[in-house]
Each structure stands twice: as structure tokens, then as C-alpha cells.
1. Here is a list of conditions, (1) among the charged types (D, E, K, R); (2) part of a loop (DSSP other than H, G, I, E, B); (3) within 16 Å of the ligand (Cβ to nearest atom), and Lys102 meets all of them except one; can you say which number that is?
2. If you scan segment 180-199, which residues turn out to be more than 24 Å from Asn224 (Cβ to Cβ) and more than 8 Å from the chain's Cα centre (by Cα)?
3. For segment 6-14, state whether one or more residues are over 14 Å from His217 (Cα atoms) and either open to solvent by less than 10 Å² (accessible area, probe 1.4 Å) or within 12 Å of the ligand (Cβ to nearest atom) (or both).
4. Wholly within segment 154-265, which strands (runs of 3 or more DSSP E) include no fewer than the required count, namely at least 3 residues that are within 16 Å of the ligand (Cβ to nearest atom) and farther than 30 Å from Thr303 by Cβ?
5. How many of the residues in segment 87-116 are surrounded by 18 or more Cβ atoms within 10 Å (Cβ to Cβ) and not aromatic (Phe, Trp, Tyr)?
6. Which number in (1) more than 28 Å from the chain's Cα centre (by Cα); (2) in a helix (DSSP H, G or I); (3) surrounded by fewer than 18 Cβ atoms within 10 Å (Cβ to Cβ) marks the one condition that Gly348 misses?
7. So Val25 passes all but one of these: (1) touching a residue at least 40 places away in the same chain (Cβ under 8 Å); (2) buried (at least 24 other Cβ atoms within 10 Å of the Cβ). Which condition number does it fail?
8. Failed condition for Ala58, given (1) within 16 Å of the ligand (Cβ to nearest atom); (2) among the hydrophobic types (A, V, I, L, M, F, W, C); (3) not in a loop (DSSP other than H, G, I, E, B), with all others met?
Amino acid sequence: MKVTNDIRYVGVNDHQVDLFEGQYVVPLGMAYNSYVILDEKIAVMDTVDVNFKEEWLANVSEVLGDRKPDYLIVQHMEPDHSANIANFLEVYPDTTVVGNAKTFVMMEQFFDLDPNMKRQVVKDGETLSLGSHELTFVFAPMVHWPEVMVTYDSKDKVLFSADAFGKFGANDVEDPEGWACEARRYYFGIVGKFGMQAQNLLKKAAGLDIAVICPLHGPVLSENLGYYLDLYNTWSSYQPESDGVFIAYTSVYGNTKKAALMLAEELKAKGCPKVSVADLARDDMPEAVEDAFRYNRIVLATTTYNGDIFPTMKTFIEHLTERQYQNRTIALIENGTWAPTAARVMKGMFEKSKNITFTETVVTIKSALKDDAAVKQMADELMQA
Ligand code: FEO
């Protein structure tokens, strides 16, 4: 596939993966992107997952024809992109591997490299000329590992963006929900903790004239780039994207669920623009994390459990706080048959979070909801938040 006249897509689609990165379900599969830049010198941009060695090498070979690659540029050492470095060098041993100092430390850890391997260690902002294409390496530490760098081709105005602007889903199936849904779940799951570092990358990107974004996952982006850049700016600055309420609940016998669903109906009846509800024990956790970051208001409803809170709610809140959850309004619903303490525990878990407002109304259920007044009051308060 042609990205531009000189740039070819040589990536692969993975429909076998059960859990991406060992934890994310990917019902639409996953794409591991790789590119070849054809010029006086030839550069291959990253490799792919270990299971796609043959397919990827065949893709590269087809694009190269009789030529040999001059450079293998390694932007990210996570194995979904780097697993075939040694395999590539077995086929093309004269290639110079380009990375930064941290890249090569990790490469030595992952592989038993030939000490005679040609390597070029680059610094932030350093350039590499392929002939007519001049590549600039822009370091993007922690988006999503410390060694990550992105690469800008000034001739074709292409930003090779590493994991940034990636999404879940293979490139040979259409995503019925469009780009943003699985890109958001990917961003908050994988990069969400590193908003400041993603902001730094966006600031560097703002100084570049970009016509095409070539990420390491998901489709090549070449139209309406402002849409993607704006979303990334919203996500990485921890600002809500949508006006609405996300209700996350756990329920053992259905009574907490009943209160959560009653609140959802109250909010809808009052004209809340969007109400999304998830059962944390049964629905996809990364999807719930995504929704918590998407909306400006969330409701957490859970039971007191072993003097603490229900395990999936605890895990969920930990997912939020470790990703620096902030700038949101939170309402709490607790249930406990003899000593309900879940609201206090949940509130305490956000102690170190920035700019969190809790509603004054806390719904406390003792076993089963007997009176819907507190739920209605919470709905009123959330509508004004
Ligand atoms: Fe797609 Fe951080 O690896």
C-alpha cells in the first residue's frame, strides 16, 4: 500500500491475538504497522510482532525488489514492534540500525546482538538524510516507553508517530464505531498515565507541518488531522471530552444495580445529554476506564466488602488514580447490610487526585433501596454539576 509516492505500508494484521499486551480484548484484531521509505537510501520503520515474521519480511521484500535496506529505524522497543529486529538482520545483515541510547540498551536486553551490528545512535532533534527525504528524530519519552521517538519526514510531511494516534483493531476490517472509540480505549489504557509526556509531544508536533500521520497501530491518518490532534489534546490534558454521566457499578444481588439504573433513568428524564452505565464485574474494564475519562461526571456505586469495597470497584478506581484521574465530578452510592463504609473508602482512594469535586449527596443503601429520594437528589445535583 502506498502512503505517499516514496512511502509504503508493510505492516500486518493480527486476528489471532487473544489479549493485546496481555490484558486488552481486541474483538477487531490488531494492526502492527511498519513502513518503508524508498529514496537514494532506504529506511524501514520498525518491525512487527513475533508471530508475523514471515508475512512482514515478505511485505518488505516485495517493496524492496532487488534493493537492500540501508536503515532499520527503531522508534519503540516494545515487542509488538521490535520482536523481529534480529530476524530482519539475519536477512539484511548490512543494515544500519538507528535508535537512541536507550533503544540500544533495551535491544541488548531483548536480543543477543552481533557485536558487529551496524548501529547509529541518534540524539533528540538529530536528522538523517535518505537523499531527498530528511528524517528528524523527535524523542517522545513515556509515550509509551522511555526510549520512544517519533520521526518526521519533511519532504512528504509525514509524522511517524510510534504508539501515539494508534488504536485497537486490525486495518483490514472496518471499525463500525469509527476511529475515536477504540483509539480512546487504547489511549487511556496504554498511555493514559503519561498525559504530560503526550502533551510535550503534541507541543513538538505543533511546530511541524504535518500532512500524514503514520502510527504503529491503526490506520494511516491523512485527512482532517485537526480532529485527531484535538482529541489527543483533550485526552492528554485530562479534560472531559463529552458532557454526560458515566455510572459504574458493582452489584452482588442486584440491589446496588437497581439504584444505579434508577439514577440513570432519572438523569435521562431530566435531559442529561448522555448517560452511560457499566457493570464493572461483567463489562470490559478498559472500556469503563475510557468512559470515566470521556465524561465530565461519574457515579461510583458499590458494596462494602471485607471492610473495604467490592474488588472490581477497587481495581477500577486504581485504574483511574494511577492514570491521574482529575477534573471531574464524582457521586458515590454505597450499599452495606450492617456497616456501609464504601463511600468513605472510595472517596479516600481519590485523596491524591487533583481537582475532583464530590457531590454533597451520597446515596447509602442498607441492603435494598427503600426510598428513592436520595437518588433523585443525586440526579438533581449531577444535573447542576
Ligand atoms: Fe505498540 Fe507500546 O507498543
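1. Exception for Lys102: condition (2).
2. Across segment 180-199, the qualifying residues are Lys193, Phe194, Met196, Gln197.
3. Looking through segment 6-14, at least one residue is over 14 Å from His217 (Cα atoms) and either open to solvent by less than 10 Å² (accessible area, probe 1.4 Å) or within 12 Å of the ligand (Cβ to nearest atom) (or both).
4. 158-162, 212-215
5. 9
6. (1)
7. (2)
8. Of everything listed in (1) within 16 Å of the ligand (Cβ to nearest atom); (2) among the hydrophobic types (A, V, I, L, M, F, W, C); (3) not in a loop (DSSP other than H, G, I, E, B), Ala58 misses just condition (1).
The values are calculated or read from the model by the stated rules, or taken from the named source; none is laboratory data. These numbers were taken from a predicted model, which means no experiment stands behind them. Here Cβ is always computed from backbone atoms with ideal geometry, including for glycine, and neighbour counts include all displayed protein chains. When the accessible area is computed, the model is the full protein with side chains, heavy atoms only, and any ligands, DNA or RNA have been set aside. Shrake-Rupley method; radii C 1.70, N 1.55, O 1.52, S 1.80 Å.
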